[in-house]
Number of protein chains: 4
Amino acid sequence: MNVIGVLTSGGDAPGMNAAIRAVVRTAKYYDMKVMGVRKGYEGLVHGDIFEMTARDVSDIMHQGGTILQTARSLEFKQIEGVRRAISTARYFGIEGIVVIGGDGSLKGARDLCTEGMPTVGIPGTIDNDIPYTEYTIGFDTAVNTAKEAVDKIRDTATSHERCNIIKVMGRSSGNIALNVGIATGAEAILIPEREIDFTRDILGPINAGKKRNKKHYIIILAEGVQDSDGLEKQIESETGIETRTTILGYVQRGGSPTVVDRVYASQMGSYAVELLKDGTGNRIIGVDKNRVFDIDIYEGLDMPRIIREDLIELSKILSI
Amino acid sequence: MNVIGVLTSGGDAPGMNAAIRAVVRTAKYYDMKVMGVRKGYEGLVHGDIFEMTARDVSDIMHQGGTILQTARSLEFKQIEGVRRAISTARYFGIEGIVVIGGDGSLKGARDLCTEGMPTVGIPGTIDNDIPYTEYTIGFDTAVNTAKEAVDKIRDTATSHERCNIIKVMGRSSGNIALNVGIATGAEAILIPEREIDFTRDILGPINAGKKRNKKHYIIILAEGVQDSDGLEKQIESETGIETRTTILGYVQRGGSPTVVDRVYASQMGSYAVELLKDGTGNRIIGVDKNRVFDIDIYEGLDMPRIIREDLIELSKILSI
Amino acid sequence: MNVIGVLTSGGDAPGMNAAIRAVVRTAKYYDMKVMGVRKGYEGLVHGDIFEMTARDVSDIMHQGGTILQTARSLEFKQIEGVRRAISTARYFGIEGIVVIGGDGSLKGARDLCTEGMPTVGIPGTIDNDIPYTEYTIGFDTAVNTAKEAVDKIRDTATSHERCNIIKVMGRSSGNIALNVGIATGAEAILIPEREIDFTRDILGPINAGKKRNKKHYIIILAEGVQDSDGLEKQIESETGIETRTTILGYVQRGGSPTVVDRVYASQMGSYAVELLKDGTGNRIIGVDKNRVFDIDIYEGLDMPRIIREDLIELSKILSI
Amino acid sequence: MNVIGVLTSGGDAPGMNAAIRAVVRTAKYYDMKVMGVRKGYEGLVHGDIFEMTARDVSDIMHQGGTILQTARSLEFKQIEGVRRAISTARYFGIEGIVVIGGDGSLKGARDLCTEGMPTVGIPGTIDNDIPYTEYTIGFDTAVNTAKEAVDKIRDTATSHERCNIIKVMGRSSGNIALNVGIATGAEAILIPEREIDFTRDILGPINAGKKRNKKHYIIILAEGVQDSDGLEKQIESETGIETRTTILGYVQRGGSPTVVDRVYASQMGSYAVELLKDGTGNRIIGVDKNRVFDIDIYEGLDMPRIIREDLIELSKILSI
């Protein structure tokens, strides 16, 4: 292949720029041309496409977000939209595409493959909820951002002997909550993967903490679990401890990427070009045993969900 | 004086620990004894008081919050409570008190003075809303924490071409919002001190930004101004730009203090002991022209409120 | 005036971009044109000049360094160079100039004034060593960067019971060292403004710390004072405590500016345009009592140096 | 087992406290007793040992360094020292030991095993240079600290169009340099594992950058490779670009640990107790495929060194 396209899709994630940069630099290394597609599949359908130069990716690695932007595309959800996207891509000379995005976006990449456009998917989502890979771009930055916020909240929780509920991202996956909760020594971590028993999971650790003369209580709540208002009131009424909620929100999506996010994203971007260069499409890239690897896109996206029982168990032991 | 007490009161603020440390270290330098009072006036009323050693203040300067904790005291709001606090203090041998806190806490310090306990007040509040002084402990850390959050949100706002409303602390004062808004190049800054004209103050800058091909819009909202839900909907309906809100909340109260907060807090804590050492009470300490000074507590707390017209004007010019 | 130039000169400082942005935005507000001069006086002499648009200053406020770059100019040190710079400026239509830089750069601004070009100086240097103003752009970011480094070094110093010497910037001024030293609770702060007595200033606090069972010793050394190698050996040989040196170096110049640096720089940039707009040159801008003000450039640059005896005294009391 | 000891040894690493906390908490969960050993093997030989309570590990997870401190022990290097350490341990009732440290420290753990004390090793070193495991405690924090420093230096490098050499830790391993270099888009990464060809590896990328109109050049140098002074001069003389060196030094060892360091350290500390609880010693713990595992200590420490050819290759492609 001589001309490849690259796009980012779905929610943005810190590190996507490192992947884009690696795609452009590696392509240049092999004398290939890269067409940047703006605003995800929407831009692919409608031809919001431009040739990228080395200059376009200068000094972008440390920036959060994605310079290619991202957007939702209703049109691309239909088979006609996928076909239109491919014909637009071909019009721009694109022979293969790198798609960087989360679960839904990678399914879009699979649709491109099915309709005949060689495509390589790179997992980019702060949720780290794609079973075939140990790692997705943005997760490491997001959990570190959340950790820093919780560390700050702990200061003030201690001063006031309060309980603080911190709601983190994760509609269907508790990965962010689990990692942030363990990393901040939370009393309780509430995730969608595990049913909550208020007495066992919340009252238990708080009461154990009281006995140890603890001065603060931190509850990490994945947003998919429940409303925080009700929880706040329940904790106050059953423990008598003043309870406050913080919803971390969009802060978690931004920020300068960590080393892990920059390095893996760079490796995956480069790897994707190596595959397309040799004419290999229909693959998705992941991390296994600290190394980047590729797998068939149909097979990869079909893998069953992994629940981190080890971390759930650990969080129980450590919060006692 | 040979024995002084120190307490923190009201909302905690980063840098309070640096002030406590300076009180203890300076007292030790002059061979005075320091009694630490836990949980503000509540601890003073009820005798939650202990002798502080140099060790108690080792390695606390970089910590947010206050090691002496803070709490509300209904009892101290009554004259009987103030008198009881003074008699408790005297029981512990305390001859003078250093109070670190915001507006309400300094008024409590004034009550102590009125009832005969020599007291020195140190302004500690993230709101920086005490007219007699240029600076209050915690403000600098709070605005920097908020700034970092907004910088992160900007990344993702750009990726999605969104408008982001960020609600910062400040019920009756727009100081945090004004500084954060100018520091992050916000399109609009909504503060309680200035009436908002939606068309002029919000639509105007957004439309000007659109013309310049801006990819993100940041609105900083002081919490005392209005509900963010309504604003979110109004912006979406009148501009068509997807709008999201983040409530920064308690994150702003915590965090390791900045240099400004550590150095001024150290100076003020030390200065308070110098005053009490010489038997001088009934003063509050502030910053004027980069230097620490003291003023009569009755006079200082009576000064009229200052509205930063210069910053309000600047924010209008820069958001055009 | 309708056309003004802006340049940054000398060592770069975080916040210079905020000042440049404010110059451009404020000029635009008043329908004036701004010519950006690259690489300081060198660019002014040689005409490395371009018209700046609002777009040029988009998303630069959070970036360290200066987008206009900076360089030394031997030519400008001669009167012929100054005259050539003015005639180049006039060739580009420039009627007044904003110079952002340290002591030497402001003296260059004065030379421009003397030779007939209305110029307004803005103090930009991490050293904060310009007597007429309480504040110079970049100082606040630099001391916070240094503080964060020292906080990290303290962790490892404690683990190993070591003494750590940290060399900070400041060839002839101890301002950075004093503020960083107080903010990090250093045992000793060595600055050019004060003669060092090894026994009193270094051995004394270390021995006092030993008695208190301290586990780490931090010495902040301004680079202008002495070589760190000799000091390291002397401390080791006289105390038996393993001693290590870290030279912070260029890290202190970079980094995303703090709120103080962004806000004051914005105010000063805007203020400079207000002056030039009304035809007022020959001024330098500063901060006094938290407010931006201007003063005659000849008078301002002639003010005697201020030594912060208050901070020197405080550092002695707190390190006991 | 009912009583276990825990010690940290060698250079300290951020995250060691999280491991210590997990050891204490997990032991408490199983009603076991933990004896903390201060200052590594030196404390084990000489009995600097105390019983740890849940309180001892409260609020330590976010702290860099190690609360148990660390030190070198000449005595423990001799077989007599090892035996004396074991008899001291037994005197304190210790039936098994958790050792947290780098390569040399884990070899000490092996010696304890050989002499009959069941011991479990946990890899803790910022170098990440222990072949049997993908991860060692502290590496992730260290590379992120270095990355942040390089991001700051880049700001000022750009302003001055300079080349900056940044010397990072790594006497015999280029892991830190490789990751930091890729994460910061360095022009060249000089590591001990790969011979340097000045023309190919340094001049080549700098000249390529010049052509692309680059404004800064970053060279990451692992400390084991060469002296930076000579390199600085060589680059200046052969490219004419002003070149400066920053030695990051001890800053890299400190700092609040990242989420990865906190979570893996917590998992490994907990896992070590699970092993000892069941009487299993002579193991070292590592990370494989994102999961914690254990391996025979003799076998694990005998594995051949891994050179990250994939990252070396990537760095070459991306710096073109």
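Is it true that some residue in the range B:10-33 is within 17 Å of B:Met117 (Cα to Cα), surrounded by 21 or more Cβ atoms within 10 Å (Cβ to Cβ) and in the same structural domain as B:Ile285 (by TED's automatic domain parsing)?
no
From the set of residues in the range A:69-84 that are farther than 24 Å from A:Gly15 by Cβ and touching a His at 6+ places or on another chain (Cβ under 9 Å), which is farthest from the other protein chains (Cβ to nearest Cβ)?
Initial filter on the range A:69-84 (farther than 24 Å from A:Gly15 by Cβ): A:74-75, A:77-84.
Remaining after also requiring touching a His at 6+ places or on another chain (Cβ under 9 Å): A:75, A:84.
Values: A:Glu75: 18, A:Arg84: 22 Å.
Checked the range A:69-84; the qualifying residue farthest from the other protein chains (Cβ to nearest Cβ) is A:Arg84.
Within the range B:274-310, how many residues are within 13 Å of chain C (Cβ to nearest Cβ), part of a strand (DSSP E or B) and either over 18 Å from the mean Cα position of the chain (by Cα) or of a type in the set (S, T, N, Q) (or both)?
2
Suppose the filter is touching a strand residue (DSSP E or B) at 6+ places or on another chain (Cβ under 8 Å) and on the phi < 0 side of the Ramachandran plot; does C:Ser173 pass it? Spell out the reasoning first.
Numbers: touching a strand residue (DSSP E or B) at 6+ places or on another chain (Cβ under 8 Å): yes; on the phi < 0 side of the Ramachandran plot: yes.
Yes; evaluated as a whole, the condition is true for this residue.
If you scan the range A:139-180, which residues turn out to be free of Cβ contacts under 8 Å to residues at least 24 places away in the same chain and among the hydroxyl-bearing types (Ser, Thr, Tyr)? Break it down into steps so the answer makes sense when it comes.
In the first step, residues of the range A:139-180 are kept if they are free of Cβ contacts under 8 Å to residues at least 24 places away in the same chain; the result is A:148, A:152, A:155-156, A:159.
If the condition is that a residue be free of Cβ contacts under 8 Å to residues at least 24 places away in the same chain and among the hydroxyl-bearing types (Ser, Thr, Tyr), then A:Thr156, A:Ser159 are the ones that fit.
Scanning for something in a helix (DSSP H, G or I), free of Cβ contacts under 8 Å to residues at least 60 places away in the same chain, over 15 Å from D:Leu44 (Cα atoms) and among the polar types (S, T, N, Q), does the range D:81-100 turn up at least one residue?
Residues of the range D:81-100 that are in a helix (DSSP H, G or I), as a first pass: D:81-91.
With free of Cβ contacts under 8 Å to residues at least 60 places away in the same chain added as a condition, the list becomes D:81-88, D:90-91.
Among the residues that remain, those that are also over 15 Å from D:Leu44 (Cα atoms) are: none.
No, the range D:81-100 contains no residue that is in a helix (DSSP H, G or I), free of Cβ contacts under 8 Å to residues at least 60 places away in the same chain, over 15 Å from D:Leu44 (Cα atoms) and among the polar types (S, T, N, Q).
Looking only at the range B:70-82, decide whether some residue is under 30 Å from C:Asp261 (Cα atoms) and aromatic (Phe, Trp, Tyr).
At the first step, the residues of the range B:70-82 found to be under 30 Å from C:Asp261 (Cα atoms) are none.
For the range B:70-82, residues under 30 Å from C:Asp261 (Cα atoms) and aromatic (Phe, Trp, Tyr): absent.
If you check A:Asp56, A:Asp12, A:Asp31, which single one turns out to be touching a His at 6+ places or on another chain (Cβ under 9 Å) and not aromatic (Phe, Trp, Tyr)? Walk me through how you get there before you give the answer.
Numbers: A:Asp56 fails: touching a His at 6+ places or on another chain (Cβ under 9 Å); A:Asp31 fails: touching a His at 6+ places or on another chain (Cβ under 9 Å).
Being touching a His at 6+ places or on another chain (Cβ under 9 Å) and not aromatic (Phe, Trp, Tyr) holds for just one of A:Asp56, A:Asp12, A:Asp31, which is A:Asp12.
Can you tell me how many residues in the range D:22-49 are part of a helix (DSSP H, G or I), more than 14 Å from chain C (Cβ to nearest Cβ) and either of a type in the set (Gly, Ala, Ser) or under 19 Å from D:Ile126 (Cβ atoms) (or both)?
We begin by selecting, within the range D:22-49, every residue part of a helix (DSSP H, G or I); these are D:22-29, D:40-46.
Of the ones still in play, those that are also more than 14 Å from chain C (Cβ to nearest Cβ) are D:22-29, D:41, D:44-46.
If we keep only those that are either of a type in the set (Gly, Ala, Ser) or under 19 Å from D:Ile126 (Cβ atoms) (or both) too, we end up with D:22, D:27.
Here the count works out to 2.
Looking at A:Arg262, A:Arg305, A:Arg283, A:Arg291, which one is in contact with a Lys or Arg (Cβ under 8 Å, 6 or more places away or on another chain) and under 30 Å from A:Pro118 (Cα atoms)? Outline the logic, then answer.
Working: A:Arg305 fails: in contact with a Lys or Arg (Cβ under 8 Å, 6 or more places away or on another chain); A:Arg283 fails: in contact with a Lys or Arg (Cβ under 8 Å, 6 or more places away or on another chain); A:Arg291 fails: in contact with a Lys or Arg (Cβ under 8 Å, 6 or more places away or on another chain).
It is A:Arg262.
Of the conditions (1) within 26 Å of D:Gly249 (Cβ to Cβ); (2) free of Cβ contacts under 8 Å to residues at least 60 places away in the same chain; (3) away from chain C (no Cβ under 14 Å), D:Thr66 satisfies every one except a single condition; which number is it?
Failed condition: (3).
Cβ-Cβ under 9 Å, sequence separation 6+ or interchain: first residue in the range C:12-27 and on the phi > 0 side of the Ramachandran plot, partner part of a helix (DSSP H, G or I) and polar (S, T, N, Q). Which pairs?
Note: pairs meeting the criteria are C:Gly15/C:Thr141; C:Gly15/C:Ser266.
What are the residues in the range D:181-203 that are free of Cβ contacts under 8 Å to residues at least 60 places away in the same chain and not hydroxyl-bearing (Ser, Thr, Tyr), if any? Step through it out loud before you land on a result.
First, pick out the residues of the range D:181-203 that are free of Cβ contacts under 8 Å to residues at least 60 places away in the same chain: D:183-184, D:190, D:192, D:195-203.
Within the range D:181-203, D:Ala183, D:Leu190, D:Pro192, D:Glu195, D:Ile196, D:Asp197, D:Phe198, D:Arg200, D:Asp201, D:Ile202, D:Leu203 meet the criteria.
Can you find a residue that is closer than 22 Å to A:Gly281 by Cβ and either under 24 Å from the mean Cα position of the chain (by Cα) or not hydroxyl-bearing (Ser, Thr, Tyr) (or both) anywhere in the range A:51-61? Even if it seems obvious, please write down each step before you answer.
In the first step, residues of the range A:51-61 are kept if they are closer than 22 Å to A:Gly281 by Cβ; the result is A:51-52.
This time we only want the ones that are either under 24 Å from the mean Cα position of the chain (by Cα) or not hydroxyl-bearing (Ser, Thr, Tyr) (or both), so: A:51-52.
Yes, the range A:51-61 has at least one match.
Looking at D:Ala85, D:Ala71, D:Ala89, which is the one that is in the same structural domain as D:Ile284 (by TED's automatic domain parsing) and at pLDDT below 95?
Numbers: D:Ala85 fails: at pLDDT below 95; D:Ala89 fails: at pLDDT below 95.
From the options D:Ala85, D:Ala71, D:Ala89, the qualifying one is D:Ala71.
In the range D:41-53, is there at least one residue being in contact (Cβ under 8 Å) with a residue 60 or more places away in the chain, crowded, with 21+ Cβ neighbours inside 10 Å, assigned by TED's automatic domain parsing to the domain that holds D:Glu274 and under 23 Å from D:Ile130 (Cβ atoms)?
Step one: filter the range D:41-53 for residues in contact (Cβ under 8 Å) with a residue 60 or more places away in the chain, giving D:41.
Remaining after also requiring crowded, with 21+ Cβ neighbours inside 10 Å: D:41.
Filter once more, keeping what is assigned by TED's automatic domain parsing to the domain that holds D:Glu274: D:41.
Subset that is under 23 Å from D:Ile130 (Cβ atoms): D:41.
Yes; the residues of the range D:41-53 include at least one that is in contact (Cβ under 8 Å) with a residue 60 or more places away in the chain, crowded, with 21+ Cβ neighbours inside 10 Å, assigned by TED's automatic domain parsing to the domain that holds D:Glu274 and under 23 Å from D:Ile130 (Cβ atoms).
Tell me which of these C:Glu95 doesn't satisfy, since it passes every other one: (1) closer than 20 Å to C:Ile306 by Cβ; (2) out of contact with any Phe, Trp or Tyr (no Cβ under 9 Å at 6 or more places or on another chain).
That leaves (1) as the condition not met.
Given the options A:Ile220, A:Ile247, A:Ile153, A:Ile191, name the one that is of a type in the set (Val, Ile, Thr) and farther than 30 Å from B:Ile218 by Cα. Explain how you work it out, then say what you get.
Values: A:Ile220 fails: farther than 30 Å from B:Ile218 by Cα; A:Ile247 fails: farther than 30 Å from B:Ile218 by Cα; A:Ile153 fails: farther than 30 Å from B:Ile218 by Cα.
After applying the criteria, what remains is A:Ile191.
Could you identify the single residue in D:Thr114, D:Thr125, D:Thr119 that is closer than 21 Å to D:Leu7 by Cβ, among the hydroxyl-bearing types (Ser, Thr, Tyr) and out of contact with any strand residue (DSSP E or B) (no Cβ under 8 Å at 6 or more places or on another chain)?
D:Thr114
So, in the range A:236-264, how many residues would count as being of a type in the set (Val, Ile, Thr), in contact with a Phe, Trp or Tyr (Cβ under 8 Å, 6 or more places away or on another chain) and part of a helix (DSSP H, G or I)?
Within the range A:236-264, residues that are of a type in the set (Val, Ile, Thr), in contact with a Phe, Trp or Tyr (Cβ under 8 Å, 6 or more places away or on another chain) and part of a helix (DSSP H, G or I) number 1.
The values are calculated or read from the model by the stated rules, or taken from the named source; none is laboratory data. Computed from a prediction, not measured in an experiment: that's the story for all the values here. Using ideal geometry, Cβ is built from the backbone for each residue, glycine included, and neighbour counts are taken over all protein chains shown.
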